[in-house]
């Protein structure tokens, strides 16, 4: 592999034989992430074949998993778990746990529904569907989640109560409050703008919007790769080979544009398209009006959260400190890091993310129910851990956790497609979780030598 | 080696009547010790003598229950490691205090990260600086991108030492700096101590190895069971004298022939 001459003593990177490992090393990609992508591919192809075999034609090539519709649904279903999993990474990396996020999601979702369906229109008498309603509800919901996180985080880091206990208590308390707010009634309908957070054909970017989004994303990939390369060159070490940079740009753009193409290939359901045609005075062509759905808005939110959390984790002091605390709490303290405040902030962060997930979830259901987010904490923890976050602390990545959420959701969605009973689904997910972690710690032990 | 400065000068560090108790146990009891600029004071004593605890007070890792610290004659309050670093007191801990999951540059700048205008971590600048320090300290060091967990004991030690010397320390505390090192690396650390001393840095050197202390220290402070036995000029005593102080907890003049006999046999 090629290296720029280093200006300081010592060659920057040792030359490795041209092997698979050297290849991935040059790409600078985490092999764990690549492993997860491979696992995901196996799961997807497996479900595709099995759904074909068990389908009406019994043809393995005629599966229903890898269809635009199913992948669109999968992208939407992954959002809430993935949003919270990005926060769970920091919690677990710093050797804590948060069992309360399902209940925080439930409470914030319920409160946001109350704001738009009861408190603003009725209690304050301002009426439904005001232009500001969705934003007021969302901001209060996220702030409430962050506040709950702050209370729990304070008890953990300043009160010295184990996070397991504090958040187990939180799981009960916040869920209990949901039932107390409005006698546990289902709250609906919700504000029409707020519903855009939930996705569905009417809350997606459409054909043009999706392609514009995709192209902007590609420009972003090129820009960040080139900027990284320029910075590395400035200091004269660890410059990624040109071919590797080019390959990463091509691969990244291919993934983005492929995703856009699939989302755009999913048309609006015929009934909805007909209704839309009627409302807008369009005469439906024979065979029905074809409207491309495009990327769902909640998926855009998830992409934004993933980028922001990745930046926070890898490029900001806060993220560095969280990892240092996870690696060696004493060293962090002796390094002058305010360990308690940092730990408290991780809980504030996941609380706010649970609030955001609550908004997406309530908008998706178009209502708030008392069971909103029940057991979400388990999926979130599983997603983070399958995504490579280590319970011994100090190790984990945001993109890994999002991929972990996608793996979890793919399993659930695929089994649903195969009409596997819910208890059996739970059994499979449980076994996969333990097996994934078992495999991971086995690999870690072997490479640790 | 003569002390670099005359003893009449205001000491760079003066710790006066320091006491630390853990529960009912007096880990450090009424200890006073001082350090001149460019001087090496060796701190010796058995396990649990209170050497490390005394130094943890100076590095801000543990608060003293009573006593005062003077830097250049002025009383200061050191209540956390950040305070100590702000006064130019750097510490190489016996445990090294490295975050195992982070690379060398991340550890070297831990708590003092270099940042770009946007406030983002400037990893390239930190790695560049780390490469420069390491080039001076341990030229064979090459693993800049891996977590320090996968480094050898000697390499980890160099990271901890690099961290202490990179930030223009005025006062350096070295707690068993050669404990994990092979002979070649130990020699390197010794040369470093001599070099830093010549630059006018005051050094507290905690060591089990009495030879280390005799080779490097100007004065030797002996502690036993939390108390200071005494501080002696290295040239005025023999190694046996110091051993006697460590084991019997008495100054050389106070030790009887029979006591010496018990120690030596």
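Axis angle, to the nearest 10 degrees, between helix B:153-166 and the longest C-alpha principal axis of chain B: 90 degrees. Counting only the Cα atoms, the stretch A:70-170 fills a convex hull of 123 Å³ per residue. Specify the residue with the greatest mean-square fluctuation among A:170, A:430, A:206, computed from a Gaussian network of chain A linking alpha-carbon atoms under 10 Å apart. In the Gaussian network model the winner is A:430.
By counting other Cβ atoms within 10 Å of each Cβ, how are B:241, B:72 ranked from fewest to most? Before the final figure, lay out each step's value.
Details: B:241 18, B:72 14.
Listing B:241, B:72 from fewest to most nearby Cβ atoms yields B:72, B:241.
The distance from the alpha carbon centre of the stretch A:206-250 to that of the stretch B:167-194 is 44 Å, rounded to a whole number. Listed from fewest to most Cβ neighbours within 10 Å, the set A:129, A:421 follows the order A:421, A:129.
With the simple spin-label model, which puts each label point 7 Å out from Cα in the Cβ direction, the residue A:219 to residue A:243 separation comes to 3.1 nm.
Rg and Dmax of the stretch A:230-291, both derived from C-alpha coordinates alone, stand at 22.5, 63 Å.
Beta bridges assigned by DSSP with both partners in the protein assembly as shown are antiparallel in approximately 60 percent of cases.
Over every pair of different alpha-carbon atoms in chain A, take the mean of 1/r and invert it; report that Kirkwood radius in Å. List each step's numbers first, then the result.
Details: mean 1/r = 0.0421 Å⁻¹.
Hydrodynamic radius (Kirkwood, Cα pairs) of chain A is 23.8 Å.
Only counting other Cβ atoms within 10 Å, I'd like A:402, A:136, B:148 sorted with the fewest neighbours first.
Numbers: A:402 27, A:136 17, B:148 23.
So the ranking, lowest neighbour count to highest, is A:136, B:148, A:402.
Per-residue ellipticity at 222 nm computed for chain B from its helices equals -10000 deg cm²/dmol, with DSSP H segments shorter than 4 residues left out and the rest contributing -39,500 (n - 2.57).
Relative to the longest principal axis of the Cα atoms of chain B, the long axis of helix B:123-137 lies at roughly 40 degrees.
For the peptides B:228-238, A:374-384, A:137-147, what is the packing order when you average, over each peptide's residues, the other Cβ atoms within 10 Å and list the highest mean first?
On the way: B:228-238: 16.2, A:374-384: 23.4, A:137-147: 21.7.
Put in order of decreasing packing, that is A:374-384, A:137-147, B:228-238.
What value, in deg cm²/dmol to 500, does the helix sum -39500 (n - 2.57) over DSSP H runs of n ≥ 4 give at 222 nm once divided by the residues of chain A? Show your work: numbers first, answer last.
Details: 16 runs with 300 residues, N = 449.
Theoretical 222 nm ellipticity from helices: -23000 deg cm²/dmol.
Need one word for the stretch B:144-219: rounded, prolate or oblate. Basis is the Cα gyration tensor (sqrt eigenvalues a ≥ b ≥ c); a/c below 1.5 gives rounded, then a/b vs b/c decides.
Values: a/c = 2.24, a/b = 1.36, b/c = 1.64.
Note, shape of the stretch B:144-219 comes out oblate.
Each 5 Å bin from zero up to the one holding the largest Cα-Cα distance in chain B carries the following percent of pairs: 1, 6, 13, 16, 18, 16, 13, 9, 5, 2, 1, 0, 0, 0, 0.
By the gyration tensor of its Cα atoms, with a ≥ b ≥ c the square roots of the eigenvalues, what is the shape of the stretch A:330-449: rounded for a/c under 1.5, prolate for a/b over b/c, or oblate? Provide the component values of the computation, followed by the final result.
Values: a/c = 3.00, a/b = 1.25, b/c = 2.41.
It is oblate, given that a/c is not under 1.5 and a/b is not larger than b/c.
Which one of A:317, A:412, A:95 has the biggest mean-square fluctuation once chain A is modelled by GNM with Cα springs under 10 Å? Greatest mean-square fluctuation among the candidates belongs to A:317.
If you wrap a convex hull around the Cα atoms of the stretch A:198-302, how much volume per residue is inside, in Å³? Walk me through the numbers before you get to the answer.
Working: hull volume 10.8 nm³, N = 105.
Per-residue hull volume (Cα only) is 103 Å³.
Using only the Cα atoms of the stretch A:255-413, build the gyration tensor, take square roots of its eigenvalues as a ≥ b ≥ c, and label the shape rounded, prolate or oblate: rounded if a/c is under 1.5, else prolate if a/b is larger than b/c, else oblate. It is prolate, given that a/c is not under 1.5 and a/b is the larger ratio.
Computed over the stretch B:68-203, the percent of Cα pairs more than 25 Å apart is 27.
Bear in mind these aren't lab numbers, they're just calculated from the coordinates by the rules spelled out. Everything numeric here is computed off the predicted structure, so don't read it as measured data. Note that each Cβ is placed from the backbone with ideal geometry, even for glycine, and that neighbours are counted across all protein chains shown.
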